[in-house]
Each structure stands twice: as structure tokens, then as C-alpha cells.
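Step one of this worksheet: look at the structure below.
Derivation of every value follows stated rules applied to the coordinates shown; laboratory data play no part. Bear in mind the structure is a predicted one, so any value in this text is a computation, not a measurement. No Cβ is skipped: glycine too gets one built from the backbone with ideal geometry, and neighbour counts run over all protein chains shown.
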Amino acid sequence: MAPTLRCRDTRLSLANARVMGVLNLTPDSFSDGGRFVAPDRLDVAAAVAAAQAMIDAGAAIIDVGGESTRPGSAGVTVEEELRRVIPVVERLTAMGTIVSVDTSKSVVAKAALAVGVQLINDVRAMADQNLLADVAKAGAAVCLMHMRGEPRTMQDAPSYGDVVAEVRMFLAERIQRCLAAGLDADQILVDPGFGFGKTLQHNLELLRRLKELVSLDCPVLVGLSRKGMIGALTGRAVGERVAGSVAAALIAVQHGARIVRTHDVAATVDALAVAAAVMET
Ligand code: HH2
């Protein structure tokens, strides 16, 4: 059966790989911080327009984030994250968009679920049982991402025996936790967490052996867009990593990823359309 993501009353076919567009409502995200948010400003209309542009370009899901998790970041308060995220997701869900909120805070997730958000994208993979209980109660979906450590220090010499085996074991355990809480497998996405407590070699190994995560039987999401690994491989600054990011996304899809999280929706959608046509024949 073709893979599907079920989130509340929506079913998104993943027969062909889909694109998740990134909407960061932060002053400090590594590649797009400060577009819509400053300490005394939140430009809701501009954020909604940016989301609409990504939908028009073919994004199936909009992932809204109110906290940067870039290496070295310190985090934000619940109040500040709510101030940034809720007014925008409220507008987006009212438009009929599939909205994901990138948060690890149960208070933020609860408020987002109350205004109709369908997916909680948690870089801490439901470490918080209250968060998981709220998601299950709402019938929403989750993205479980692997991270070693915390953003502030995660890039200080991360080390693994076998990175793929360790990430796989972690995700398998968190899938079980979600199933025990009442979610079904088609409500759970898994993500190796490129750049989250990983060296370039770890990231490459995860990409090369992505099929080992596909065998967990939950759709795999990847976030490679503009990341440091693309910069390291191409020598390019953050704003010039589209081609490298699209190349990495294509490889991930060829290795079984079903959702690609990206800042550059149009370029990624085009690349995936070509890949889908070739892979079908
Ligand atoms: N990467 C980032 C944030 N959230 N979520 C998932 N599931 N997978 C990822 O790879 C992922 C993620 C980091 O990227 P970005 O949101 O652009 O930056 P920042 O954390 O600085 O806001």
C-alpha cells in the first residue's frame, strides 16, 4: 500500500515524496532568521504571505518554528514562543493548509493543536510525555527527530560507535513510545536529524545508509536544507546552498525519504518531480 501520513482528518499521500516548507518565526535562525520577528515586532501578514508563496510553489506542509535550534542556540521562553507562533498558525490552519509546528514545548504544542495544527515536529522526539499525550488526544501526527545532546553544545565533538545503528535504535524506541500512547504508524514520521550532534562524516553515513531507517516502517523525513554539511561540501555561504541542498534531497528521496524539509521549495519541488517521473518508469 502507498505510504500515507494521517494527521487529524487529513490524509496526505506520500506515494511521491513531498516537500515541507520552512517558515521560521525567529530573529536568529541560521539561514532565515529575522524575516518576520524582532523583539517588538511580529509581521503576521508577511509570514502568511511567505507561507502562501511556498504552497503555490508546491509545498504540501508548512513547518512553523518559533525557536532556533541551530548549534549554539540557547532557547526561548514558552511565552515568547507562543507570541511568535500562535497568531501565524491560526491564520494558516484557517486557510486549509497542513501545518506543522516545530516545538518541544507541551504548552506551545497544546495551543497549536487547539487552533488546528495537524503535525508536531519535535527535535527532541517526544521526550516530554505530556506533549505526546496531547498529540495522541488530538489525533495529530508527530515527527520524531534524533538529536544527540542539546543545541547549545551538540556540535562539541559528537561521537558514535555506529551512528546509523544508534540513531535507528533511538527512533525505534520512540516509535514504540508513540504506539503505546495510542498513535498509529501512519501518524509517525522519523528523521535522522542531520546536523544535530553529528559530524560531516556522521551525516554522510546517515544519508548513505538511509534505507536502514526506512526499514522502521514509518515515513522518513529529512532536513538537509542549507545546513553546515552542505556548506562544508560546497564551500558556499548559507544563502548559496540551494543546488547542494537539492542534490542531497534527491539522494535522500532515492534512498527512501518521503518528506523533504526545505527553505527552497520551488527548486526542491522541481527536482522531486523529475525524480518521481524517473523512479516510476
Ligand atoms: N532542522 C532544523 C529545525 N527543525 N526539524 C526536523 N524534523 N528536521 C530537521 O532537520 C530540522 C528540524 C534546523 O533548521 P532551521 O529551522 O532552518 O534552523 P533554525 O533551527 O536555526 O531555526
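Could you tell me what % of all Cα pairs in region 17-169 have separations over 18 Å?
When all Cα pairs of region 17-169 are counted, 58 percent exceed 18 Å.
Checking the a/c ratio against 1.5 first, then a/b against b/c, what shape does the Cα gyration tensor give for the chain?
Judged from the Cα gyration tensor, the chain comes out rounded (a/c under 1.5).
What is the set of long-range amide H partners of Val123 at a cut-off below 5 Å, with H atoms built 1.01 Å from backbone N?
Long-range HN contacts for Val123: Thr103.
So how strong a dipole does the chain carry about its Cα centre when Lys and Arg Cβ are +1 and Asp and Glu Cβ are -1, to the nearest 20 debye?
200
Normalise the Cα radius of gyration of region 81-179 by 2.2 N^0.38 Å (N = residues in it) and let me know the number.
So the Cα radius of gyration is 1.18 times the expected 2.2 N^0.38 Å.
Lysine pairs in the chain with alpha-carbon atoms under 30 Å apart, 8 or more places apart or on different chains: how many are there?
Lysine pairs satisfying the spacing and distance rule in the chain number 8.
Kyte-Doolittle cut-off 1.6, length cut-off 20 Å along the helix's own axis using Cα: show which whole DSSP H helices in the chain pass.
TM-like helix candidates: 265-280.
Please state the charge dipole magnitude for region 38-189, taken about the Cα centre, from unit charges on C-beta atoms (+1 on K and R, -1 on D and E), reported in debye and rounded to the nearest 20.
Around 120 debye, computed over region 38-189.
In 10 Å bins starting at zero, report the fraction of Cα pairs in region 153-216 per bin as a rounded %.
Result, from short to long distances: 21, 49, 25, 6 percent.
Among Phe36, Ser215, Met154, pick out the residue whose Cα is farthest towards the positive end of the charge dipole of the chain, where Lys and Arg carry +1 and Asp and Glu carry -1 on C-beta, about the Cα centre.
My answer, from the dipole projection, is Ser215.
Expressed as a whole number of Å, what is the distance separating the alpha-carbon centroids of region 38-109 and region 254-281?
The distance from the Cα centre of region 254-281 to that of region 38-109 comes to 24 Å.
DSSP beta bridges in the chain, what fraction antiparallel, as a percent rounded to 5?
If we restrict to bridges inside the chain, about 20 percent are antiparallel.
Averaging the inverse of every distinct alpha carbon separation and then flipping it gives the Kirkwood radius. What is it for region 133-243, in angstrom units?
Kirkwood radius, region 133-243: 15.0 Å.
For the chain, what is the mean residue ellipticity at 222 nm derived from helices alone (per DSSP H run of n ≥ 4: -39500 (n - 2.57); sum divided by total residues; nearest 500 deg cm²/dmol)?
When only DSSP H runs of four or more count, the value is -12500 deg cm²/dmol.
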